[in-house]
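Trainee: Once you've had a glance at the structure underneath, I'll fire off some questions.
The values are calculated or read from the model by the stated rules, or taken from the named source; none is laboratory data. Nothing here was measured: the structure is a model prediction, and the numbers come from that model. Cβ atoms come from the backbone with ideal geometry, glycine included; neighbour counts cover every protein chain shown. The protein model used for the area step is the full one, side chains on, heavy atoms only, and it has no ligands, DNA or RNA in it. Shrake-Rupley method; radii C 1.70, N 1.55, O 1.52, S 1.80 Å.
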Amino acid sequence: MTEPIIEMKNIEKHFGAVIALGGVSFDVCPGEVHCLLGDNGAGKSTFIKTMSGVHRPTSGTILFEGREMNFESPRDAMAAGIATVYQDLAMIPLMSVTRNFWMGNEPIRKIGPFRFFDFELANRVTMEEMAKMGINLREPSQAVGTLSGGERQTVAIARAVYFGAKVLILDEPTSALGVRQTSNVLATIDKVRKQGIAVVFITHNVRHALAVGDRFTVLNRGRTLGTARRGEITPEELQDMMAGGQELAQLESSLGGTV
Amino acid sequence: MTDERLKQVSTLRRIMIRPELGAISGAILVFVFFLMIAGDSGMFAPQGIQNWTVVSAQFAIIAVGACLLMIAGEFDLSVGSMIGFAGIVIAILSVQWGWPVWAAILVTFALTISLGAVNGFLVIKTGLPSFIVTLAFLYILRGLTIWLSILTTQKTVIGGVKKAAEGDWLAPIFGGKVFTGFFQWMADQGWIETFTRGTRAGQPVVEGVPMLIIWALGLIIFGQVLLTKTRFGNWIFAAGGDAQAARYVGVPVNRVKILMFMFTAFCATVFATAQVMEFGSAAADRGLLKEFEAIISVVIGGALLTGGYGSVVGAALGALIFGVVQQGLFFSGAESSLFRVFLGTILILAVILNTYIRRIITGER
Ligand SMILES: Nc1ncnc2c1ncn2[C@@H]1O[C@H](COP(=O)(O)OP(=O)(O)OP(=O)(O)O)[C@@H](O)[C@H]1O
Ligand SMILES: [Mg+2]
């Protein structure tokens, strides 16, 4: 595989007395989907927030395209080409798809001394980009609140890709979705990878991870339990690693192997 | 993906389903009502029209500020106190201290806009709800206003502004009238009535369009264009819709909110200045309850109290409803207390309709 576009070495993050991350190393290459798995509270969200400039790591280094980076804010990370679709606040439901899509990057059309939001261009591009991801909008002025959860995630992903993301971080994009919508989002992830973008995909769900992932890293209580390539690991092994093996094995037998 | 489930949206529905529908219906209802009960009372004669348009314009000026601020996710309960404060400061500076009126007005604007910024900073820095912070300012500013007024003049009303404003270049921008020639011409044609006696005999009963109305129209157009046609407007929606999501994509949410507090203070000061110039005096108790009247206009206009959704044109219609009802009950000779009953009823009806419409538009559940 090619050189990693982003490389995180020994990242630690403390919140007061809480050690959320205790030395995590991780990298992702262009055109690769690297899945980050782990149980609730394992530190997945905290980890990707250090990658996207929301948190500054307590220690450790971040190499982006081979150079050491110190992101001061999400804006810096975005400018470098790291886009994040967050678990809970991907979109503003009260606003239209176009307004959401361009939020923070509104195209400007000058009329004399005045600078207006170029809705004509914005609407057209939004429709086109959404169509590329397989979603045909009724109209671009439709509020995001009228879209389904999966469609919202897709708007967020399409937006990130359109604005030139080199690294796309997805924090549990499938956690609230049904079967059909999940497969749509997974298909979108696959499309994004094929465009040569590096994808970091966080999920609880081993099957979702295995469906699109090239590599898998499991976090547990702020530490990595290791990284495996596709084909090197079975779903069962991954599942065990995520939940700390032992206890789950017991639980599983009592549930008749359905987890 | 779900094309087959999309119903064809009819044009009628498209026209109907808009955030301002509640306010439009309310306005129509109110006009029909008063045409019926007060149609021959002079309410719709030139003087009557001027009467309720001026009152509506006053409401509209503060409603535009309150509307943008509410869409940005914040309230300002200190608007009424700010009006009283601005008026007294102009009067003290011009009448008591003998400053030229234009200087008094400009300094007052600078002062109140800074106070708006302080409101905004406190809300942003403390993370407290703006409801609490600006409620504190409601008391602080009102108290300061009365104290300042008594301290300098031993009174709570300061007169003599009209005299001080004679020949001033800035005062007419707030207190003057425009198109006076046109109105005189209409009077000469016999289209509008003229005074038949006294010093103003031969002059039209309505001399021109008060600057207050020009300010209201200007602010409405400015607010509407800013909100719906510019990048900054998108940021206003985003800041109120979900501040955190907006920050993540680089929207300067704090700046947007603070600027909106400043704009609200600006609108309150326009109101105050126009009022002082019209009456020729300032009083420490002016502007009482104006913050609520502004918020009610905005809510009738379809804005969501929690931010992220609303319309300036809707708020302006809300202000129109407010003005017409208040003056209409006066013309129809109804008990003025009924004004409140009627207003409360319209408020409830408009908000119910707005909520229903908003659910259709935004898919809220
Ligand atoms: N801002 C913060 N201040 C203090 N502690 C925090 C903060 N953010 C996260 N933590 C703690 O860090 C740990 C890791 O949290 P994190 O949100 O990264 O978990 P996660 O793996 O994303 O979990 P989930 O799967 O539930 O989303 C938790 O114990 C959490 O309480
Ligand atoms: Mg998380």
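Trainee: For B:VAL157 and B:LEU111 in one chain, what is 0.36 nm times their gap in residues minus the Cα-Cα distance, to one decimal in nm?
Mentor: Details: separation 46, 0.36 × 46 = 16.56 nm, distance 2.06 nm.
Full extension from B:VAL157 to B:LEU111 adds 14.5 nm.
Trainee: Another question about this same structure. Count the DSSP beta bridges whose two residues both fall in the protein assembly as shown, then state the antiparallel fraction as a percent rounded to the nearest 5.
Mentor: Working: 30 of 49 bridges.
Taking every DSSP beta bridge within the protein assembly as shown, about 60 percent pair in antiparallel fashion.
Trainee: So if I take the centroid of the Cα atoms in segment B:158-193 and the same for segment A:25-97, what is the distance between those two points in Å?
Mentor: Cα centroid of segment B:158-193 versus Cα centroid of segment A:25-97: 62 Å apart.
Trainee: I'd like the Kirkwood hydrodynamic radius of segment A:92-152, using the inverse of the mean 1/r over distinct C-alpha pairs, in Å. Display every interim value, and only then the final one.
Mentor: Values: mean 1/r = 0.0826 Å⁻¹.
Computed over segment A:92-152, the radius equals 12.1 Å.
Trainee: Skip the ligands, DNA and RNA, and give the accessible area per residue of segment A:92-152 with a 1.4 Å probe, whole Å². Mind dumping the intermediate values first?
Mentor: Values: 2580 Å² over 61 residues.
On a per-residue basis, 42 Å².
Trainee: If you don't mind, there's one more thing I want to ask. Nearest 100 Å² is fine: how much accessible area is buried between A and B, summed over both sides, with a 1.4 Å probe?
Mentor: Values: alone 12960 and 17790 Å², together 27920 Å².
Roughly 2800 Å² of accessible surface disappears when A and B pair.
Trainee: Same structure, new question: As a test, work out the antiparallel percent of DSSP beta bridges whose residues both lie in segment A:58-182, rounded to the nearest 5.
Mentor: Details: 7 of 11 bridges.
Bridges in segment A:58-182 are about 65 percent antiparallel.
Trainee: Tally up the carbon and sulfur contribution to the accessible surface of chain B as a whole percent, 1.4 Å probe, everything protein left in place.
Mentor: Details: 10880 of 16370 Å².
Percent of accessible area from carbon and sulfur atoms in chain B: 66.
Trainee: Using a Förster distance of 51 Å, how high is the FRET efficiency between B:MET186 and A:ASN105, based on the Cβ-Cβ distance and rounded to 0.05? Before the final figure, lay out the partial values.
Mentor: Values: r = 52 Å, r/R0 = 1.01.
With a Förster radius of 51 Å, E is 0.50.
Trainee: For chain A, what does -39500 (n - 2.57) per DSSP helix run (n ≥ 4), summed and divided by total residues, give at 222 nm, in deg cm²/dmol to the nearest 500?
Mentor: Values: 9 runs with 90 residues, N = 259.
Theoretical 222 nm ellipticity from helices: -10000 deg cm²/dmol.
Trainee: List the trypsin sites (Lys or Arg not before Pro) in segment A:148-232 that DSSP assigns to loop (not H, G, I, E or B) and whose Cβ has at most 16 other Cβ atoms within 10 Å. Which are they? If you can, show how the numbers build up before the last one.
Mentor: On the way: sites: A:ARG152, A:ARG159, A:LYS166, A:ARG180, A:LYS191, A:ARG193, A:LYS194, A:ARG207, A:ARG215, A:ARG221, A:ARG223, A:ARG229, A:ARG230; in loops: A:LYS166, A:ARG221, A:ARG230.
Here the trypsin sites (Lys or Arg not before Pro) that fit, given the DSSP loop and packing criteria, are A:LYS166, A:ARG221, A:ARG230.
Trainee: Okay, moving on. Leaving ligands, DNA and RNA out of it, rank A:VAL125, B:VAL225 by accessible area with a 1.4 Å probe, largest first. Intermediate results must be reported in sequence, preceding the final value.
Mentor: Values: A:VAL125 10, B:VAL225 55 Å².
Sorted descending by solvent-accessible area, the residues read B:VAL225, A:VAL125.
Trainee: Kindly provide the helix-only [θ] at 222 nm of chain B, computed as the sum of -39,500 (n - 2.57) over DSSP H runs of four or more divided by all residues, to the nearest 500 deg cm²/dmol? Could the numbers behind the result be given before it?
Mentor: Working: 16 runs with 251 residues, N = 365.
Per the formula, -22500 deg cm²/dmol.
Trainee: Let me ask something else. Out of the total accessible area of chain A (probe 1.4 Å, heavy atoms of protein only), what percent is carbon and sulfur?
Mentor: 49 percent
Trainee: So which residues in segment B:230-244 end up with at least 10 square angstrom less accessible surface once the other protein chains are there, compared with the chain by itself, probe 1.4 angstrom?
Mentor: The answer is B:THR230, B:ARG231, B:ASN234, B:TRP235, B:PHE237, B:ALA238, B:GLY241, B:ASP242, B:GLN244.
Trainee: Still on this structure, please answer the following. Using a 1.4 angstrom probe and counting only protein chains, how large is the accessible area of B:LEU304 in Å², to 10?
Mentor: For B:LEU304, the solvent-accessible surface is approximately 20 Å².
Trainee: Which value, in Å², gives the accessible area per residue of segment B:18-357 when a 1.4 Å probe is used on the protein heavy atoms?
Mentor: Details: 14100 Å² over 340 residues.
With the other protein chains kept in place, segment B:18-357 gives 41 Å² per residue.
Trainee: GNM, chain B, Cα, under 10 Å: largest mean-square fluctuation among B:ILE28, B:ILE88, B:ILE124?
Mentor: Result: B:ILE28 has the largest fluctuation of those listed.
Trainee: Starting from a Cα-only point model with no solvent, please compute log10 I(q)/I(0) by Debye for the protein assembly as shown at q = 0.07, 0.08, 0.10 1/Å.
Mentor: -0.57, -0.70, -0.95
Trainee: Going 7 Å from the Cα of A:LYS9 along its beta-carbon direction, which residues of segment A:49-90 have the amide nitrogen within less than 20 Å of the resulting point?
Mentor: A:50-53, A:56-72
Trainee: Within chain A, what's the longest run with no GluC sites (Glu not before Pro) in a DSSP loop and at most 15 other beta-carbon atoms within 10 Å? Give the range, please. Spell out each step's value before the answer.
Mentor: Working: sites that count: A:GLU65, A:GLU72, A:GLU232.
Result for the longest clean stretch: A:73-231.
Trainee: Here is a further query. GNM on chain B, C-alpha springs below 10 Å: top fluctuator among B:GLY159, B:GLY307, B:GLY333?
Mentor: Taking springs between Cα atoms under 10 Å, the residue moving most is B:GLY333.
Trainee: Here's something else I'd like to know. Based on the alpha carbons, how large is the Rg to Rh ratio for chain A when Rh follows Kirkwood? Let's see the in-between values first.
Mentor: On the way: Rg = 19.3 Å, Rh = 19.3 Å.
Checking Rg against Rh, the ratio lands at 1.00.
Trainee: Strictly greater than 13 Å: what percent of every Cα pair in segment B:303-365 meets that?
Mentor: Every Cα pair in segment B:303-365 considered, those over 13 Å come to 68 percent.
Trainee: Per residue of segment B:93-101, in order, report the coupling 6.51 cos²θ - 1.76 cosθ + 1.60 (Karplus, θ = phi - 60°) as ³J(HN,Hα) in whole Hz, putting x for Gly and Pro.
Mentor: Going residue by residue, I get 4, 7, 7, 6, 8, x, 5, x, 4 Hz, with x marking Gly and Pro.
Trainee: Between the chain alone and the structure with every protein chain in place, find the residues of segment B:247-266 that drop at least 30 Å² of accessible area; heavy atoms, 1.4 Å probe.
Mentor: In segment B:247-266, residues shielded by partner chains: B:TYR248, B:VAL249, B:GLY250.
Trainee: Kirkwood Rh over Cα pairs of chain B into Stokes-Einstein at 37 °C, 0.692 mPa s: D in µm²/s?
Mentor: On the way: Rh = 21.7 Å.
The Stokes-Einstein estimate is 151 µm²/s.
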